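To start, the structure under review is shown below, and the notes come after it.
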Amino acid sequence: MLIIFLTITTSHLPGTAQVNNQAPLNAELMWMLGRVSNPAISPDGKTVVYGVRRFNIQDNKGFNSLYTISLTGGTPVEIAKPSDKASTPVWHPSGKKIFYLSSKSGSNQVWMMNPDGSEKEQVSFTDTDVTNLAFAPNGINEWITRDIKTMESFRDYQSDLDKTTARVYD
């Protein structure tokens, strides 16, 4: 079982009230935290791969990185930088590759890389975004999910509001 403990000390933040040398947890501090997601333990049980999402409030964008770390401890190794637009890491059952989703090619597709982050290669080329992936234990069969548009979004009505994700129910 993987348990991650998070300790937050913010004595360096200006304008925060101090109680026992710790600032209260507030919205600004929450936006500064990286959000850990999708931890996956390697087939040999020695390493975990996981994502961390950080936000830039001024740009109104989130950025993902992928990391590996030994389950016995140590320093995390960044294997996919924000420019790789990577998320949702999954170990191949052989342990020789890590598969992940990336929108680097323009749409969310399946990519693979070595566990050290080298030799990144796109392996799916679907006409819509891939939203999930997994492997059967035999390592041969893979499944993916994709979103299928079933209703119009607000963007269909107001093309100048390209950042909206609202839906119109009529």
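The values are calculated or read from the model by the stated rules, or taken from the named source; none is laboratory data. Quick caveat, the model's predicted, so the values are computed rather than measured. Backbone-built Cβ (ideal geometry, glycine too); neighbour counts: all protein chains shown. With ligands, DNA and RNA removed, areas are computed over all heavy atoms of the protein, side chains included. Shrake-Rupley method; radii C 1.70, N 1.55, O 1.52, S 1.80 Å.
Quick look at the numbers
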read-out	value
Lys, Arg +1 and Asp, Glu -1 on Cβ, resulting dipole of region 59-165 about Cα centre, debye, nearest 20	240
Region 67-149, accessible area per residue, ligands and nucleic acids excluded (1.4 Å, Å²)	56
Charge-dipole axis of region 48-144 as Lys and Arg at +1 and Asp and Glu at -1 on Cβ define it, positive-most pick from Leu71, Val49, Leu101	Leu71
Stretchable slack from Gln158 to Thr128, in nm (0.36 nm times residue separation minus alpha-carbon distance)	8.6 nm
Whole-angstrom Cα spans of region 96-165 along principal axes, big to small	46, 24, 16
Ranked packing of 95-103, 110-118, most packed first, by mean Cβ within 10 Å	95-103, 110-118
Taking region 23-106 and dividing mean pair separation by its residue count, relative contact order in percent (alpha carbons under 8 Å, at least six apart)	23
Rg and Dmax [Cα atoms of region 24-170; Å; Rg one decimal, Dmax integer]	17.4, 54
